Amino acid sequence: MNKTKIAVLISGNGSNLQAIIDACKDSNYPAEIGLIISNNKDAYGLERAKTSGIAYEVINHKDFSTRESFDKQMDSILTKNKIEFICLAGFMRLLSGYFVNKWKNKLINIHPSLLPAFKGVNAQKQALDYGVKVTGCTVHFVTEDMDAGPIIMQKVIEIYSTDTEKSLTQRLLEQEHKCYVEALSLVLGAKNDL
Ligand code: GRF
């Protein structure tokens, strides 16, 4: 299996990162994680990186005066590490046009709603407040517009009358982990077949 060397960008808990780490352990899975980047030194996802022995970098966006200079630093570290593909997994920074265009078709994200519904932060709360009866998650290519790139895969769940933001978030995460692992495999499998 010709594995693609990917980077995962995080800001927090990193449960989607963990799902990708676990999937990559399978010799038949088409990805290996070459680098984890966090913009937050306290992200729990960094503990996951340490536990699994994967290289990581903390790049604090506050050390940079512009969005683009932060992105250029990330780009140079990704290139230095020979990264071929990037997964955003709870990475809470908007990326510049420079970065998004440079990594076009090699940059994907997961969002906890059925896009194009409920873009932006607190998607679970937005869904509850609106009163929709189903919601889900979306893995999509990243473009300059937030939460708007071509959709790769979605998974749907029902919203129960008893759901709280916490219970919905938890049930969604279970689907997110499956969706991210399957979508990444789909995209990389298609790329390797070319
Ligand atoms: C997930 O809900 C993801 O869809 C969103 O941020 C959250 C990250 O969770 N983009 P985790 O850090 O992967 O646990």
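Throughout, read-outs are computed from the coordinates displayed, never taken from laboratory work. Owing to the predicted nature of the structure, the values given are computational and were not obtained by experimental measurement. Here the Cβ positions follow ideal geometry from the backbone for every residue, glycine too, while neighbour counts run over all protein chains shown.
Using a simple charge model, +1 on the beta-carbon of Lys and Arg, -1 on the beta-carbon of Asp and Glu, nothing else, what dipole does the range 1-85 show about its Cα centre, in debye to the nearest 20? Mind showing how you got there, number by number?
Details: 11 positive and 11 negative charges, 25 e Å.
So the dipole magnitude of the range 1-85 works out to roughly 120 debye.
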Relative contact order, percent, the chain [alpha-carbon distance under 8 Å, six or more residues apart]: 21 percent
Positive dipole terminus of the chain, leading residue within L168, L46, I77 (C-beta point charges): I77
Value of relative contact order over the range 25-112, rounded to a whole percent, pairs C-alpha under 8 Å and six or more apart: 25 percent
Selection from L107, A183, N13, by position along the positive dipole direction of the chain (Cβ): L107
Under 16 Å from the Cα of K50 - aspartates and glutamates, other chains or at least 8 residues apart: D22, E32, D42
Karplus-derived 3J(HN,Hα), 6.51/-1.76/1.60, for each residue of the range 112-127, Hz, glycine and proline x: x, 7, 8, 4, x, 7, 6, 6, x, 7, 6, 4, 5, 5, 4, 5
Selection of trypsin sites (Lys or Arg not before Pro), the range 17-88, meeting DSSP coil and at most 12 other Cβ within 10 Å: K25, K41, K82
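With the contact rule set at Cα under 8 Å and sequence spacing of 6 or more, what percent relative contact order holds for the range 51-163? Working shown, then result.
Working: 145 pairs, mean separation 23.0, N = 113.
Answer for the range 51-163 is 20 percent.
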Per DSSP, loop chymotrypsin sites (Phe, Trp or Tyr not before Pro) in the range 128-175 with at most 13 further Cβ within 10 Å: Y160
Cα gyration tensor shape for the range 116-183, rounded if a/c is under 1.5, else prolate or oblate: oblate
Within a Gaussian network of the chain (alpha carbon springs, distance under 10 Å), most fluctuating of N105, N28, N39: N28
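Determine the alpha carbon to alpha carbon distance for each of K25/K80; K3/K166; K5/K72; K5/K178 and list only those over 27 Å.
Numbers: K25/K80 24 Å; K3/K166 36 Å; K5/K72 20 Å; K5/K178 20 Å.
As for pairs spanning more than 27 Å Cα to Cα, those are K3/K166.
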Under-5 Å amide H pairs with K119, H placed in peptide plane, nonlocal only: none
Size of electric dipole in the range 94-194: Cβ of Lys, Arg +1 and of Asp, Glu -1, about Cα centre, debye, nearest 20: 200 debye
Ratio Rg/Rh [Cα only; Rh per Kirkwood] for the range 51-126: 0.99
Selected from N28, M92, F118, residue furthest toward positive end of dipole (the chain; charges at beta carbon): N28
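So if I take the alpha carbon set of the chain, get Rg, then get Rh from the Kirkwood formula, what is the Rg over Rh ratio?
Working: Rg = 16.3 Å, Rh = 17.0 Å.
Result for the chain is an Rg/Rh of 0.96.
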Estimated dipole of the chain in Debye, rounded to 20 [Cβ of Lys and Arg +1, of Asp and Glu -1, Cα centre]: 320 debye
